[in-house]
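Q: Sharing a structure here in structure tokens format.
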Amino acid sequence: MATSMNARQKSSDATPALTSRCSAFRAAGSRPRSFASSATSRSAISHSPLAGPGVRLASLRAIGVFGPEVKTPWGGTLDRYIESDRQIPRGFAGGPLIDADGQIIGMNTRTLMRGTDLAIPTSTLQRVVAELQAHGGIRRGYLGVGTYPVDGGALVASVEDGGPAATAGVIVGDTIVELDGVAITGPDSLRTALHDRPGKAIKVAVLRGGNRQELDVTLGAKA
């Protein structure tokens, strides 16, 4: 339901307050004032990054779900879960989601989570940009082990010489069952737990010979 902002004076799915805000955006050249850490309205305007000079495409929508922090399938973290009430039109992914106060609250996505069109919160975007500027990439926690799935954990099949795990005393045959208080059920959950802990000093619980042991580990970081 994308349309030209100049042609969209009224909409069946827009509140009167939001329609008024649209007029303000048009008069101001559709330039949001600032970034917001969270939305102040249940109404929002989704802008297309494909719009060019003199052409402003927008889709009016309601914010369907505001949720707490959520993990992505690849182990990243969204500081908030923001989902609008209907599918983001083609060409709008990568564009800003703007609330009724004229503030950017996130960036539209279509493929971050299967079957869900989410907005990446501005706080997450700012954190990622700062990481890229400081380190040239997104750093992830690094343990230095190769593992296989077993019942109740991740079986250590290899340990990198001089890596964080080797330095802490992890050996081949250990089963990692917990990392920094997070239960480990296999290699996938281990990768997820490591993702946002680069350089962090943590405890890793392993089963060795049927006995549980806790090891102090300072994780490495890899971009």
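The values are calculated or read from the model by the stated rules, or taken from the named source; none is laboratory data. Owing to the predicted nature of the structure, the values given are computational and were not obtained by experimental measurement. Cβ: placed from backbone, ideal geometry, glycine included. Neighbour counts: every protein chain shown.
Q: For the stretch 129-145, how many residues are surrounded by fewer than 14 Cβ atoms within 10 Å (Cβ to Cβ) and within 16 Å of LYS222 (Cβ to Cβ)?
A: Residues in the stretch 129-145 being surrounded by fewer than 14 Cβ atoms within 10 Å (Cβ to Cβ) and within 16 Å of LYS222 (Cβ to Cβ): 5 in total.
Q: Looking only at residues in the stretch 153-174 that are farther than 17 Å from GLY220 by Cα and either surrounded by 20 or more Cβ atoms within 10 Å (Cβ to Cβ) or outside the structural domain of GLN213 (by TED's automatic domain parsing) (or both), which one is farthest from the chain's Cα centre (by Cα)?
A: Ranking the candidates gives ASP174 first.
Q: Test ASP117 against the stated conditions and say whether it is over 14 Å from ILE82 (Cβ atoms) and more than 10 Å from the chain's Cα centre (by Cα).
A: No: the conditions fail for ASP117.
Q: Looking only at the stretch 198-220, which residues are in contact with a Lys or Arg (Cβ under 8 Å, 6 or more places away or on another chain), more than 12 Å from ILE176 (Cα to Cα) and crowded, with 17+ Cβ neighbours inside 10 Å?
A: Result: PRO198, VAL217, LEU219.
Q: Exactly one condition in (1) loosely packed, with under 15 Cβ neighbours inside 10 Å; (2) in contact (Cβ under 8 Å) with a residue 40 or more places away in the chain is not met by LEU190; state its number.
A: Failed condition: (1).
Q: Tally up the residues in the stretch 139-162 that are among the hydrophobic types (A, V, I, L, M, F, W, C) and in contact with a His (Cβ under 9 Å, 6 or more places away or on another chain), please.
A: Number of matching residues: 0.
Q: Okay, moving on. When only residues in the stretch 86-112 that are touching an Asp or Glu at 6+ places or on another chain (Cβ under 8 Å) and among the polar types (S, T, N, Q) count, which is surrounded by the fewest Cβ atoms within 10 Å (Cβ to Cβ)?
A: The qualifying residue surrounded by the fewest Cβ atoms within 10 Å (Cβ to Cβ) is GLN87.
Q: May I ask you to say which residue of ARG90, ARG86, ARG114 is charged (D, E, K, R), touching a Gly at 6+ places or on another chain (Cβ under 9 Å) and not assigned by TED's automatic domain parsing to the domain that holds HIS195?
A: ARG86
Q: Tell me which helices (runs of 4 or more DSSP H) are completely within the stretch 119-223 and hold 2 or more residues being modelled with pLDDT under 95, or say none if there are none.
A: It comes to 122-135, 187-195.
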